[in-house]
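The values are calculated or read from the model by the stated rules, or taken from the named source; none is laboratory data. Nothing here was measured: the structure is a model prediction, and the numbers come from that model. Cβ sites come from the backbone with ideal geometry, for glycine too, and all protein chains shown count toward neighbours.
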Amino acid sequence: MRNILIISDESKEISAIFKTLNFNINKQNSKQKGIPFGTDSVNPLKYDIAFLDLDVDNWRKRLLELRVHMPVIAFSMPDVKRAVEAMKLGASDFLEKPLSVEGLKDIILRHKRKILIDEHGFGETIGKSSLIQEVFGLIKKAALSESNVLITGESGTGKELIARAIHRWSPREEKSFVIINCSAIPDTLLESELFGFEKGAFTGANYTKKGLLEFADGGTVFFDEIGDVSPLFQTKILRVIQEGEIMRIGGTHHIKVDVRIIAATNKDLRISCKKGNFREDLFYRLNVINIHLPPLRNRIEDISLLVEHFIKKHAHKRKDILVKNISDETMNILMNYSFPGNVRELENIIEHAVSFANSPKILPSDLPSHLIHSPSQKINPSPKLKEALVNIEKELIWSALQKSGGNISRAAEAMGIHRQQLQRKLKKMR
Ligand SMILES: Nc1ncnc2c1ncn2[C@@H]1O[C@H](COP(=O)(O)OP(=O)(O)OP(=O)(O)O)[C@@H](O)[C@H]1O
Ligand SMILES: [Mg+2]
């Protein structure tokens, strides 16, 4: 937990309790340090959780202002009526005065998952650049809102990761997060996949099947690659958004579905709309909150943190040595690379390097060869034909993977081989 906002005439005493719990209270938060008491002048985006004393003036107004930005823990002298009112107005919890270390510990445990724990990350999402910090702010806002979200950004920038983070931090976290890979569902299967069917609806419908949207009821639906869907798909999604209900194939009544929608694409949907390939009305319905993920080359400050994170993530795959870090020279090479496949490509590179490292420190020679050699030096001129062919194959595979942003299916397609074939070859290379 980082930033706690305390609104109370006794904020000094309360800060002292947090200190006992080893939390850093930004002294500026307290009234004593001269921050105006009203929340109007306090930037709520800076805080992760608020403690609001119901014995202060205007507590109702403050609660309404704060609750859209962060969990608000109300506290006061024992007063059931006020406690109930505060909870009705949106307080996440209520504590009785005097606050105790035990009581606060308990509350913090309960809210821990909703609070930023790591200074340089948002759960699994890592980054310290100002661009990614802005994204973290938007995730928080999106998590506390029910509005639809459109996540845009190049391939491999982390769109799915962000969608998951929004769900995990939202009040829907206990319910399902259903991913609908739009481009993988052909129009012929669209309705049965999205809406399900009743037994006997068509030949072969021997049982009643719930559709993906019904499965997601109460939770979040993530429409991935929304920019690639057919006009029919667009019309169906728009209807669900507008009506909030579906009908199974062969069904006789509509079923209400309460889903929060997040969509992602690496396409520029405004251009698709102009070209007539994407319905403008659907675009506006989806794009209520837009989160754009900048390419990794525009936030190189994040590279070293991500490298550290991926080394930790993949180190367990080596049973012989424990790869721990990376040499300065190797880091330099990475910092000067453009990462067309963004974070996914960086992760692939580190996974490769961890597999190839001969010591706990990753050296330039452990990197995929396209990073360390210029194109003319790439192929090792081995006199042995078999070895030379293996090297050429390696280069072609890495180059295809680089172009596909680390996407194995797309790389395989570009090389004219099956995905499984490519996976086997990659395994052999490791
Ligand atoms: N900020 C980040 N911190 C840690 N890992 C990240 C970050 N961004 C992306 N990743 C990792 O990079 C990989 C690619 O991310 P993800 O699948 O979310 O990208 P995407 O934008 O959905 O890509 P695509 O458009 O190709 O589907 C994942 O393994 C993800 O965990
Ligand atoms: Mg994705």
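Here is a list: LYS425, LYS386. Which entry is surrounded by 14 or more Cβ atoms within 10 Å (Cβ to Cβ) and either part of a helix (DSSP H, G or I) or over 29 Å from the mean Cα position of the chain (by Cα) (or both)?
On inspection, the qualifying residue turns out to be LYS425.
Can you tell me which of (1) modelled with pLDDT under 85; (2) under 34 Å from the mean Cα position of the chain (by Cα); (3) buried (at least 17 other Cβ atoms within 10 Å of the Cβ); (4) not basic (Lys, Arg) is the one ILE73 doesn't meet?
Exception for ILE73: condition (1).
Quick one: would you say GLU351 is out of contact with any Asp or Glu (no Cβ under 6 Å at 6 or more places or on another chain), on the phi < 0 side of the Ramachandran plot, in a helix (DSSP H, G or I) and modelled with pLDDT of 85 or more? Outline the logic, then answer.
Working: out of contact with any Asp or Glu (no Cβ under 6 Å at 6 or more places or on another chain): yes; on the phi < 0 side of the Ramachandran plot: yes; in a helix (DSSP H, G or I): yes; modelled with pLDDT of 85 or more: yes.
For GLU351, the condition - out of contact with any Asp or Glu (no Cβ under 6 Å at 6 or more places or on another chain), on the phi < 0 side of the Ramachandran plot, in a helix (DSSP H, G or I) and modelled with pLDDT of 85 or more - is met.
Mind listing whichever residues of the range 88-100 are modelled with pLDDT of 85 or more and not in a helix (DSSP H, G or I)? Walk me through it before giving the result.
Initial filter on the range 88-100 (modelled with pLDDT of 85 or more): 88-89, 91-100.
If the condition is that a residue be modelled with pLDDT of 85 or more and not in a helix (DSSP H, G or I), then LEU89, ALA91, SER92, ASP93, PHE94, LEU95, GLU96, LYS97, PRO98, LEU99, SER100 are the ones that fit.
Looking at (1) in contact (Cβ under 8 Å) with a residue 40 or more places away in the chain; (2) under 15 Å from GLN402 (Cα atoms), which one does ILE311 not meet, given that it meets all the others?
Among (1) in contact (Cβ under 8 Å) with a residue 40 or more places away in the chain; (2) under 15 Å from GLN402 (Cα atoms), the lone unmet condition for ILE311 is (2).
Residue-wise test of (1) of a type in the set (Gly, Ala, Ser); (2) touching a Pro at 6+ places or on another chain (Cβ under 6 Å); (3) away from ligand 1 (no atom under 13 Å from the Cβ).
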residue: LYS141; (1), (2), (3): no, no, yes
residue: SER147; (1), (2), (3): yes, no, yes
residue: GLY156; (1), (2), (3): yes, no, no
residue: ILE162; (1), (2), (3): no, no, no
residue: SER170; (1), (2), (3): yes, no, yes
residue: PRO186; (1), (2), (3): no, no, yes
residue: THR203; (1), (2), (3): no, no, yes
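Looking at the range 129-197, what helices (runs of 4 or more DSSP H) fall wholly within it and have at least 2 residues that are over 22 Å from ASN290 (Cβ atoms) and more than 14 Å from ligand 2 (Cβ to nearest atom)?
187-195
Only one of PHE223, PHE278 is touching a Ser or Thr at 6+ places or on another chain (Cβ under 6 Å) and at pLDDT 95 or above; which?
Going through PHE223, PHE278 in turn, the sole match is PHE278.
A quick yes/no check of all residues on (1) modelled with pLDDT of 85 or more; (2) crowded, with 19+ Cβ neighbours inside 10 Å; (3) part of a loop (DSSP other than H, G, I, E, B):
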| site | (1), (2), (3) |
| --- | --- |
| LYS61 | yes, no, no |
| GLU65 | no, no, no |
| ALA83 | yes, yes, no |
| ALA86 | yes, yes, no |
| GLU102 | no, no, no |
| ASP106 | no, no, no |
| LEU109 | no, no, no |
| ARG113 | no, no, no |
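Cβ-Cβ under 9 Å, sequence separation 6+ or interchain: first residue in the range 350-372 and in contact (Cβ under 8 Å) with a residue 40 or more places away in the chain, partner aromatic (Phe, Trp, Tyr). Which pairs?
Correct list of pairs: ILE350/PHE310; GLU351/PHE310; HIS352/TRP398; VAL354/PHE310; ILE362/PHE356.
I'm trying to understand the selection: among the residues of the range 213-241, which are of a type in the set (Phe, Trp, Tyr) and more than 15 Å from ligand 2 (Cβ to nearest atom)? Let's see the steps before the verdict.
We begin by selecting, within the range 213-241, every residue of a type in the set (Phe, Trp, Tyr); these are 215, 222-223, 233.
Of everything in the range 213-241, those that are of a type in the set (Phe, Trp, Tyr) and more than 15 Å from ligand 2 (Cβ to nearest atom) turn out to be PHE215, PHE233.
Starting from the range 220-248, take each residue that is within 13 Å of PHE195 (Cα to Cα) and list its partners that are more than 16 Å from ligand 2 (Cβ to nearest atom) and among the polar types (S, T, N, Q), counting only C-beta distances under 8 angstrom and pairs at least six apart or across chains.
ARG248/THR208
Return the only residue of ASP328, ASP302 being outside the structural domain of ALA263 (by TED's automatic domain parsing), of a type in the set (D, E, K, R) and surrounded by fewer than 19 Cβ atoms within 10 Å (Cβ to Cβ). Give the derivation first.
Numbers: ASP302 fails: surrounded by fewer than 19 Cβ atoms within 10 Å (Cβ to Cβ).
Being outside the structural domain of ALA263 (by TED's automatic domain parsing), of a type in the set (D, E, K, R) and surrounded by fewer than 19 Cβ atoms within 10 Å (Cβ to Cβ) holds for just one of ASP328, ASP302, which is ASP328.
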